[in-house]
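The values are calculated or read from the model by the stated rules, or taken from the named source; none is laboratory data. If you're wondering where the values come from, they're calculated on a predicted model, not measured in any experiment. Note that we place each Cβ from the backbone using ideal geometry, even for glycine, and neighbour counts take in every protein chain shown. Surface accessibility is based on the protein's heavy atoms, side chains included, excluding ligands, DNA and RNA. Shrake-Rupley method; radii C 1.70, N 1.55, O 1.52, S 1.80 Å.
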Amino acid sequence: MTLALSLFVLFYILMLAVQQYRPWVALGGAGAFLLLGKLGVYDFTLADAARAVDFNVLLMMAGMMGTVFLFIQSKMPARLAEELIAHVPDVRWAVSVLALLAGFISAFVDNVATVLMVAPVGLAIARRLKLSPVPVLIAIAVSSNLQGAATLVGDTTSILLGGFAGMNFFDFFWMEGRPGIFWSVELGALASLGVLFWLFRDQRQPVHVTVETEVEDDVPTVLLLLTVGLLIAASFLPEPSGGVLHLLYTLRSGLVCMGLCLFGAARACWRSRSLRPLAETFRALDYDTLLLLFSLFILLEGVSRAGVIDAAAQLFHSAAGDEPLHLYLLLVAASVGLSAFIDNIPYVAAMLPVVQGVAALMNGGAGIEPELFYFGLLTGATLGGNLTPIGASANIAAIGILRKNGETVRTRDFLRIGVPFTLAAVLVGAGSLWLFWGI
């Protein structure tokens, strides 16, 4: 087990140190464990690795990426933002409404894509009112990060949780007779909205915005809404006993997302009488993230077979004791602290089996249901990224947009918004989760 742990730590550090090569580092780690399996050090074969990969998650992510690209190209997000801003009285409300819009979109769309949708509107409004766009875009980014945990399709980490725990779209809203993580995220969003009002309390300049953006195509919006609707419907399908139908059932969410994405791209090709839209859609996919997840599935299965996951679960159980509240607080606090500096995708992927293992050790070895701890892990890992400029991809994207537009983003500018925003959202969101699910 020492060898496996050393290898995992080495590759994890490398993923953090050379982030531009994270997918290839993770793939190298997966290859290292397959090689050890081939040499007989661990019982880990190529067939085991193939079974460890959740192709449903990968297909679902790829399909959502493509549909979101078509949605952005349609200019519907910019139109929605202008429609909302046109009905607010002042800058304080304008920033808050933009943040709320970013949060709402991010509950169903990747956080980075959300920032790319809403940030141009924030920039335009700031320029028109002769304001610094820095705090405006930071508010958009942190709101996007917060709402990413609200639904199954809101963020990569949510998709990971759904695939690992067998959760469907509806489970994020209501699960086992109790409110799901969606409601705690929304309560956290309300608390953070109060923070934004306070931070922008002096910005009372009136806003005069005309709705100028013309939506070029309504179909991508329909496809995005249809994707969500079909994901909900697919979650209620009965599980077949076996055969091809069972294989299709295990891939149902991915097939829904990919099928609608391909339909949208094919329709765009037909309208333009060219294959260019299809090529652009495939170029828009985040292949680095897809390869990273593919590799992490294999790497973590190898680590698990070497006994590292069980040892980590024992460590957490020793630290928290047999008290569920202690474990919950430990998971939330550790996730917030670590996700402020490291990417939450590999962190959540690594921690999900640990949380499952430690939950099985609770209650004197009889075990307890792990759902509350899964939600606590996701809440902490999602919100922790808002503490620092490098804690989440959406933050990096927003800062990159600002720099391209000649703006200087100082760390203290980000902390001034990110820290109080995160504290309010964590306290209210994690606190309400415990009230909903407290054991």
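Data overview
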read-out	value
Boolean, C257 is under 27 Å from A349 (Cβ atoms), surrounded by 13 or more Cβ atoms within 10 Å (Cβ to Cβ) and at pLDDT 90 or above	no
Evaluation of I159 against (1) farther than 30 Å from F294 by Cβ; (2) assigned to a helix (DSSP H, G or I); (3) at pLDDT below 85 (one fails), failing number	(1)
Residue satisfying all of: in segment 18-42; modelled with pLDDT of 85 or more and over 15 Å from L299 (Cβ atoms); surrounded by the most Cβ atoms within 10 Å (Cβ to Cβ) among these	K38
Some residue of segment 323-341 being within 26 Å of the chain's Cα centre (by Cα), farther than 21 Å from L383 by Cα and either part of a helix (DSSP H, G or I) or not charged (D, E, K, R) (or both)	yes
Test result for G229, assigned to a helix (DSSP H, G or I) and modelled with pLDDT of 85 or more	no
Sole exception among (1) open to solvent by 60 Å² or more (accessible area, probe 1.4 Å); (2) touching a residue at least 40 places away in the same chain (Cβ under 8 Å); (3) more than 26 Å from F69 (Cα to Cα) for E323, by number	(2)
Conditions (1) out of contact with any Lys or Arg (no Cβ under 9 Å at 6 or more places or on another chain); (2) open to solvent by 70 Å² or more (accessible area, probe 1.4 Å): number failed by D202	(1)
Scan of segment 266-306 for residues that are part of a helix (DSSP H, G or I) and of a type in the set (D, E), ordered by number	E280, D288, E301
Residues of segment 265-277 classified as more than 17 Å from E216 (Cα to Cα) and among the hydrophobic types (A, V, I, L, M, F, W, C), total	1
Residue pairs meeting the criteria (Cβ under 8 Å; at least 6 apart or on separate chains; first surrounded by fewer than 23 Cβ atoms within 10 Å (Cβ to Cβ), in segment 175-193; second among the charged types (D, E, K, R) and outside any helix (DSSP H, G or I))	E176/E369
Selected residue (only one of S96, S106 is under 24 Å from R204 (Cβ atoms) and polar (S, T, N, Q))	S96
Segment 358-370, subset in a helix (DSSP H, G or I) and open to solvent by less than 20 Å² (accessible area, probe 1.4 Å), residue nearest to A30 (Cα to Cα)	V358
Any pair with Cβ under 8 angstrom, 6 or more apart, that starts in segment 221-233 at a residue that is under 12 Å from M64 (Cα atoms) and ends at one that is of a type in the set (G, A, S) and part of a helix (DSSP H, G or I)	L223/G264; T227/G63; L231/S253
